[in-house]
Amino acid sequence: MHKNLKKKNYIYMNMDIEGAEYIVLPNMIKKGSIYFLNQLEIAFHHHKFKHNKENQIKFRKIHRELMKNFFNKFLYKKTNHHSRVYNFSKKIK
């Protein structure tokens, strides 16, 4: 991502990766590739951890990190009983 994209590009990412978002997003945050995105639409698959307290905490931590450091607004829509779609956006200057 760092080699092929520039921060001046408008980059939209749609992520629906069946639970792997809990691995991929922290990695993107750690490596800084999240900074290249202007908009991120992501399906969080809550059913993968319905009764798993550790993953619920992980979701809340990722969500807070996205809002605090990368994006300033989000929309939420429930698509079905298996996932919830969040659309995070930066303000366009």
Close pairs from region 27-38: first closer than 15 Å to residue 62 by Cβ, partner of a type outside the set (A, V, I, L, M) and part of a helix (DSSP H, G or I), Cβ under 7 Å, at least 6 apart: 29/65
Wholly enclosed strands (runs of 3 or more DSSP E) of region 17-93 bearing at least 2 residues at pLDDT below 85 and touching a helix residue (DSSP H, G or I) at 6+ places or on another chain (Cβ under 9 Å): 73-78, 84-89
Cβ pairs under 8 Å, 6+ apart, first in region 59-76 and on the phi < 0 side of the Ramachandran plot and surrounded by 10 or more Cβ atoms within 10 Å (Cβ to Cβ), second in a helix (DSSP H, G or I) and modelled with pLDDT under 80: 59/46; 59/49
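The values are calculated or read from the model by the stated rules, or taken from the named source; none is laboratory data. Note that the structure is predicted; figures quoted are calculated from it, not measured. All Cβ positions, glycine included, derive from the backbone under ideal geometry; neighbour counts span all protein chains shown.
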